[in-house]
Amino acid sequence: SKEKGRNRYSYFDPKLQQQIEEKVELSKELRKAIDKEELLLYYQPQIFTKNSINDIVGVEALIRWNHPEKGIISPNLFINVAEETGLIVPLGKWVLKESVKQLKIWETDATKKNWRISVNISQKQFERDNFFSLINTLIKKNNIEANKLRLEFTENLLIKNTKETLEKIQKLFNLGVTLSIDDFGTGYSSLAYLKQLPIHELKIDQSFIRDILIDSNDYSIVETILSIGRKFNLEVIAEGVETNEHHQMLVSMGCSYFQGYLFGKPSIAETF
Ligand code: C2E
Ligand code: CA
Ligand code: CA
Ligand code: CA
């Protein structure tokens, strides 16, 4: 009964109970959001700088939830719940499908036909047995160039380094999909996977970029990541680039790829 249910929770403090109830509510709504088509993708440009010329080479797909009452909700408020409840699997599939659809649209646009899309992949989603076949089918069915799809993984997913992980990543690489390590340097630090995995890109987390002009530790970390990139022949992209000063500093350090408010906030595809 309801009474009994209430008693069972009485060990918890009311704040915690409220948090749990909000989470349950959120996950219920999120479950329906996919079918109700309330999810949308924003895209943020990724820039290549050479000889002071900035070109868009791709975008990162960033999910939003257009809630009927609450308006646009940030992924920071629902990705965790989606991961805990397993909803990240259908949600992540939706993101991949939508991204491929967008690549198809851009194929017909002379200025955008070479753009790639970077998609965030959560660990739970990646660990599913059918993850490779999902990607494979999407690419084949829609006849897109595999190297236009870039998958962003976190270090925590990679350090597991199981046979399954390695095989799956090798298969994705063979397919032509490119791989990026998101938030590089913020996870459990092990560089061992760099020599084992076919990776294309390191993404410097914005927490290292923010104070790069004033904090010598951050400067050194970024310098180190750029040097790792050079030695392993990887592209390195700096995230959270907000000002010209940040951009210029990073260029002078040898960084060529950028993402941040300086070049554009995440927004719907139509604004590009
Ligand atoms: P992330 O992958 O590290 O994405 C970068 C975040 O930094 C984005 O936040 C982006 O809007 C923000 N950002 C970009 N440039 C700047 C800048 O110059 N300054 C500042 N202050 N912020 C900047 P967003 O869109 O709120 O996404 C937050 C996180 O949610 C993402 O972090 C990612 O971990 C997760 N996420 C977003 N979309 C997806 C998705 O489709 N699937 C999964 N699994 N996770 C997603
Ligand atoms: Ca990302
Ligand atoms: Ca990131
Ligand atoms: Ca992040």
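The values are calculated or read from the model by the stated rules, or taken from the named source; none is laboratory data. Because the structure is a prediction, the values reported are computed rather than measured. Here the Cβ positions follow ideal geometry from the backbone for every residue, glycine too, while neighbour counts run over all protein chains shown. For the accessible areas, the whole protein counts, side chains as well, though only heavy atoms, and no ligand, DNA or RNA atoms are used. Shrake-Rupley method; radii C 1.70, N 1.55, O 1.52, S 1.80 Å.
Show me the ranking of peptides 232-245, 164-177 by mean Cβ neighbours inside 10 Å, starting with the highest.
In decreasing order of mean packing, 232-245, 164-177 become 232-245, 164-177.
Multiply the residue separation of residue 50 and residue 137 by 0.36 nm, subtract the distance between their alpha-carbon atoms, and state the gained length in nm to one decimal.
Contour length minus the Cα-Cα distance gives 27.8 nm.
Excluding same-chain residues fewer than 8 positions from residue 101, which aspartates and glutamates have a Cα within less than 19 Å of its Cα?
Excluding near neighbours in sequence, the set is 35, 37, 38, 60, 109, 145, 152, 270.
From the helices alone, meaning DSSP H stretches of at least four residues, give me the mean residue ellipticity at 222 nm for the chain, per-run term -39500 (n - 2.57), in deg cm²/dmol to the nearest 500.
Dividing the helical sum by the residues of the chain leaves -13500 deg cm²/dmol.
Pick from 229, 187, 71: which is most flexible by mean-square fluctuation in a GNM of the chain where alpha carbon atoms under 10 Å apart are linked?
Its mean-square fluctuation being the largest, the pick is 71.
Over the C-alpha atoms of segment 132-256, what are the Rg and the largest Cα-to-Cα span, Dmax, in Å?
When restricted to the Cα atoms of segment 132-256, Rg and Dmax are 15.8, 49 Å.
Identify all lysines with a Cα-Cα distance to residue 124 below 16 Å; exclude those on the same chain that are fewer than 8 residues away in sequence.
Within the straight-line cut-off, residue 124 pairs with 93, 160, 168.
How many Å³ per residue does the convex hull of the Cα positions in the chain occupy?
Per-residue hull volume (Cα only) is 174 Å³.
So what are the radius of gyration and Dmax for the Cα set of segment 67-110, in Å?
Rg, Dmax (Cα atoms, Å): 13.8, 41.
Mind grabbing the base-10 log of I(q)/I(0) for segment 13-151 at q = 0.19 Å⁻¹? Debye formula, identical points on the C-alpha positions, no solvent, two decimal places.
-1.14
With the full set of protein chains in place, find how many percent of the accessible area of the chain is carbon and sulfur; take the probe as 1.4 Å.
Carbon and sulfur: 49 percent of the exposed surface of the chain.
Over the alpha-carbon set of segment 188-262, work out the extent along each principal axis and list the three values in angstrom, largest first.
36, 21, 19
Please list the helices of the chain that count as membrane-span-like by this rule: a mean Kyte-Doolittle hydropathy of at least -0.5 together with Cα atoms stretching 24 Å or more along the helix axis, each helix being a complete DSSP H run.
For the chain, where a helix must reach 24 Å along its axis and average at least -0.5, the hits are 88-107.
If you average the alpha carbon positions of segment 80-115 and of segment 244-269, how far apart do those two centres end up, in angstrom?
If we compute the Cα centre of each part, the gap is 23 Å.
For segment 32-82, what is Rg from Cα atoms divided by 2.2 N^0.38 Å, rounded to two decimals?
1.56
Can you tell me the Rg and Dmax of segment 76-177, counting just the alpha carbons, in angstroms?
Both quantities, over Cα of segment 76-177: 14.0, 42 Å.
If we count every other residue with Cβ under 13 angstrom of residue 92's Cβ, Lys/Arg +1 and Asp/Glu -1, where does the sum land?
0
Quick one: net charge around residue 165, please, counting Lys, Arg +1 and Asp, Glu -1 for every other residue with C-beta under 14 Å from its C-beta.
Within the 14 Å Cβ shell, the charges total +1.
Per residue, how many Å² of accessible area does the chain show with a 1.4 Å probe?
Values: 15010 Å² over 272 residues.
Value returned for the chain: 55 Å² of accessible area per residue.
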